[in-house]
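Since the structure comes first, as structure tokens, the remarks are kept for the end.
Only the coordinates and a few stated rules stand behind these numbers; no lab work does. None of the values given here were measured: they were computed from a predicted structure. Using ideal geometry, Cβ is built from the backbone for each residue, glycine included, and neighbour counts are taken over all protein chains shown.
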Amino acid sequence: MDFNSILKNLDLFSVGVVVYIISIFGFIVFYNNKKSVTNRTFLFFSLITSVWGLFNYLHYQIDSVKLSFWLLKLVMFFAVWQAFFIFKFFYLFPKEEFHYPKWYRFILVPAVIITSALTLTPLVLNKVLKLSADGKIIEVANGPGIVLFGLLSVGLVLTGLLMLFKNIFQAKGEKRKPLRTILLGTSLTFSLIITFNFILPAFFANARFIPLGAAFMLPFVFFTSYAMAKHHLLNVKLIATEIVVTILVLILLFEGVASGSVNQVMFKILFAGLVGGLGILLIKSVLKEVQLREREEHLNHQLAQANEQLKELLQMKSEFLDIASHQLRTPLSAMIGLLSMQYDGDFGTLSKTEQKEQQKNMLVSAERLRGIVNDLMDAMEVEGGIKPKLTKTDVEKLVSEAINTLKPNYDKKGLYLNYEKPAASLPQVSADKTFLAQVFMNLIDNACQYTEQGGVAIKLFPEQNGVTFEIKDSGMGISEKEKKRMFGKFERSQRAKLIHPDGSGLGLFIVKKIVDAHGGKIETQSAGEGQGATFKVWLPAAAAIPVIDNNLITIKS
Amino acid sequence: MDPKKAVLLLIEDEPINIQMYVLKFKLEGLEMIVAQTAAEGENKINELKPDLVLLDLRLDNGNDGFEILRRVKDNPATASIPVYLLSNVREKGNIERGRQLGAEGFISKVNSKPNEVVEIIKAKLESLPDKQH
């Protein structure tokens, strides 16, 4: 074989390998996560690039001008789709799901379809103008459609790059790295394309490398796959094994095909097949190993999470013990202190009013201590699950009583407490009066504690064969995150601790347990931090509740 | 120094406690200045440079007491003022933490009667040098 034909075979071989590699990468990324739109887009991009690469090479090799011209048109056709998928990839990365907006479905995609269809008509590439010495196309007349082609392709690629830059800029810390790697690969590919496909032919009349266009895609494909691999989006070991095996088999095949005698060809192809078979076994074992390791990592991760949760729980418990012990000791120390002073005769020098004052302090402290002990007892009681003693209850009465008890607290803080009495009479509820009273007390007290300005509006109304108690405050509001945790034991958000440091973190926990035990529902609404909150408690009407009586479930009305 | 001539500062937010300690110290002839918030407490320390400070650990926003202690001891102008932690928090860990931050002592309110507190403070004041006038 002479030098030129060796070169030609090398070209074909290298283009073939490149095309194959790009497709393999595409499939690997796809199979790693079939459901992810990012991975699927990458697959489409690689496949289209492969086809484009092949046609790009072939159109320089084919002797027939007509066929070559058609191939050139197909190259343009696939170039449009390449630009589209590059844009889509940069736009989506690294999302797994995507809801396509209207402009995408009704403007972009149709535009791409139309433009690519146009490339096959004379509107984009009109006709062949000049041929080279050996009959290859070197100049083509462009139709008016070339403008659309240029704008759309360049526009898509540039916009895609813009998306990539924007994502890099907006990403923080860890998330930046894969994006920067992709940018590096993209830049390399771009530089290669610009140098070899544009500058060299245009300014140095060297069109030698244009057929190898596909190879210039490699940096982009490699770096992107590396980025996805390194940041746990793919597995390097598996890919590496697959690539090595594939290349080995390819080389053997090519060598076989290029051999002299038929015997040699058959032998070498068989050998390639054997190597391929062994390779597949190897890949399978690597896959298994990778899967085992991933499972181990997953279990480790779960263990770490469980540990974290346990630590958090212990921390909360420790914090709670600190608060609880301080809460209990404060009124207790006041009582001991004052009583010891009285015993020592210290109050003898005080006036009657001053003595009364100190006695009041003793009493108040004792009552405060009682309140805290009650809270703790309630919490411990409801924790295991409660057995309410159900009787027919007037919710209205309990709410009025709670409001009367807590109104002084509102007055002290300068908050309003509006109560909208129910318009019609409310159905009675089957409830344990003591427990239910606790629910209203806790909620109304909370509203006061966590509101600094404005006040609270309470409504009571029948709803869905039951009664709803609604309390709306203009207080610190509740964030989405806080909403999820509020009803847990000892749960206190950072913000709550600032406004009301002495809270036990048990109030809402107790409320929810009681409401649940009564067959009711509790719901929280808040526009967000600082925007107030609304709590709604729904309790079923008396007739609707099955009452468990000596292991017999009867419906009492 | 003569305890009756000392300037004492109590940083405490519970009104009942304030009344009780101020009364007790007054009966012993000791005048006590009171600050009810962390901010007020720090200001008064810097302004008045009291001879001794009684500091509660749980003030309006949580555990500000330790912060105040640290800042007082870090500031060369106030570092020599003896600060007693007068609190109801659990002793475990907090006594040591206070000691490391330079507190003079830790008095547990619930475990010490008011006259015991007065004894400790008086003893400390008497051990201090007389004031230069």
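Approximating the spin labels as points 7 Å out from Cα along Cα→Cβ, the A:S187-to-A:F27 distance works out to 3.4 nm. Charge tally around B:I121: other residues with Cβ under 11 Å, Lys/Arg +1 each, Asp/Glu -1 each, net -3. The A:F13 and B:E96 beta-carbon pair, evaluated with R₀ = 60 Å, returns a calculated FRET efficiency of approximately 0.20.
Straightening the chain between A:T353 and A:Q525 buys 57.1 nm, computed as 0.36 nm per residue apart minus the Cα-Cα spacing. Fully extending the segment from A:E255 to A:L131, taken as 0.36 nm per residue of separation minus the present Cα-Cα distance, adds 41.2 nm. Rg ratio for the range A:211-326: its Cα radius of gyration over 2.2 N^0.38 Å, N being its residue count, equals 1.94.
Taking Cβ atoms as reference points and 14 Å as the exclusive limit, the residues near B:R99 contribute a net charge of +1, counting Lys and Arg as +1 and Asp and Glu as -1. Relative to one another, the C-alpha centroids of the range A:382-444 and the range A:506-530 are positioned 14 Å apart. Mean silhouette area of the range B:65-122, derived from the convex hull of its C-alpha atoms and averaged over all directions, reads 4.0 nm². Summarising the label geometry, the points placed 7 Å from Cα in the beta-carbon direction at A:D394 and A:N307 lie 6.0 nm from one another. Taking the DSSP beta bridges with both ends in the protein assembly as shown, the antiparallel portion is around 65 percent. Farthest toward the positive end of the dipole of the range A:13-149, out of A:I21, A:L129, A:V112, is the Cα of A:V112, where the dipole comes from beta carbon charges about the Cα centre.
Other residues with beta-carbon under 11 Å from the beta-carbon of A:V511 carry, at +1 per Lys or Arg and -1 per Asp or Glu, a net charge of -1. On the beta carbon distance between A:K172 and A:K387, with R0 = 51 Å, the FRET formula returns roughly 0.50.
For chain A, the relative contact order works out to 9 percent when only alpha carbon pairs closer than 8 Å and six or more residues apart are counted.
When the alpha carbon gyration tensor of the range A:323-463 is reduced to an equivalent ellipsoid, the three semi-axes, largest first, read 36, 20, 14 Å.
Kindly list the residues of the range A:122-159 that lie in the label zone of A:I194, defined by a backbone N under 13 Å from the point 7 Å along the Cα-to-C-beta vector. Inside the label zone: A:158. In the range A:277-341, the alpha-carbon atoms span a convex hull of 36 Å³ per residue. Taking label positions 7 Å along the Cα-Cβ direction at both A:N465 and A:K497, the computed distance is 4.5 nm, reported to one decimal. In terms of packing, defined here as the mean over residues of other Cβ atoms within 10 angstrom, the peptides A:299-305, A:13-19, B:43-49 line up highest first as A:13-19, B:43-49, A:299-305. For chain A, the direction-averaged projected area of the alpha-carbon convex hull comes to 44.3 nm². According to the Cα-based calculation, Rg over Rh for the range A:304-374 is 1.31, with Rh computed by the Kirkwood formula. Sort chain B into rounded, prolate or oblate with this rule: let a ≥ b ≥ c be the square roots of the eigenvalues of the Cα gyration tensor; rounded if a/c is under 1.5, and if a/c is not under 1.5, prolate when a/b is larger than b/c, oblate otherwise. Rounded.
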